[in-house]
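Nothing in this text is a laboratory measurement; each read-out follows from the coordinates by a stated rule. Values in this document were obtained by computation on a predicted structure and should not be read as measured data. We place every Cβ from the backbone using ideal geometry, glycine too, and count neighbours over all the protein chains shown.
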Amino acid sequence: MKLTAIVLDSVGLGYLPDAPLFGDEGADTLDHTVLKTGVELPHLAALGLGWVPGVHTLPRPKPQGAFGRMREVNPGKDTTTGHWEFVGVHLERPFRTYPEGFPEELLRAWAEAIGVGGWLLNRPYSGTEAIRDYGEAHLKTGFPIVYTS
């Protein structure tokens, strides 16, 4: 048997019951992206993505693959715990956060390594709000938006 797992990192298919705890109520990355851009995803639709509960913008041909939607049981809201859970690792407490942002020394070395003259934000923030509030500055400066969740 052959298995190919496709993880669409941070591509939400509607919001989950705990969304209000994280300021994410109403989030729906996939449908909002399809509605805004008109992007077509024929191969993913053929595999069954349009049949996943919460997806309302993709066609529903007879699925050529298995499909599903995952809801984290791990505490917290970060990509890494979601990836760990996907392969069977469940955490009892969320990963450490950085309430004061990442250390300045680390960010300076990182900015130099990637060839940028600075960064934006560097504090706990919602990813969607970071893009909303700092996206334009990022496009003008090329500086990465740095935030912790």
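Summary table
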| item | result |
| --- | --- |
| For the range 1-28 versus the range 81-149, the gap between their alpha-carbon centres in whole angstrom | 19 |
| Proximal lysines relative to residue 62, as straight alpha-carbon distance under 23 Å, when same-chain residues fewer than 8 apart are discounted | 2 |
| Cα point-scatterer Debye curve for the range 104-148, base-10 log of I(q)/I(0) at q = 0.14 Å⁻¹ | -0.30 |
| Cα Rg over Rh - the range 33-144, Kirkwood | 1.07 |
| Two-site FRET efficiency, residue 70 against residue 40, from Cβ-Cβ distance with R₀ of 25 Å, rounded to 0.05 | 0.55 |
| Label-to-label distance, nm, for residues given as residue 7 and residue 33 (7 Å Cα→Cβ offset) | 1.6 |
| Burial ordering of 104, 25, 85, fewest other beta-carbon atoms within 10 Å first | 104, 25, 85 |
| Proxy reagent accessibility, fewest Cβ within 10 Å first, across 58, 21 | 21, 58 |
| The range 19-86 - convex hull of the alpha-carbon atoms, volume per residue in Å³ | 108 |
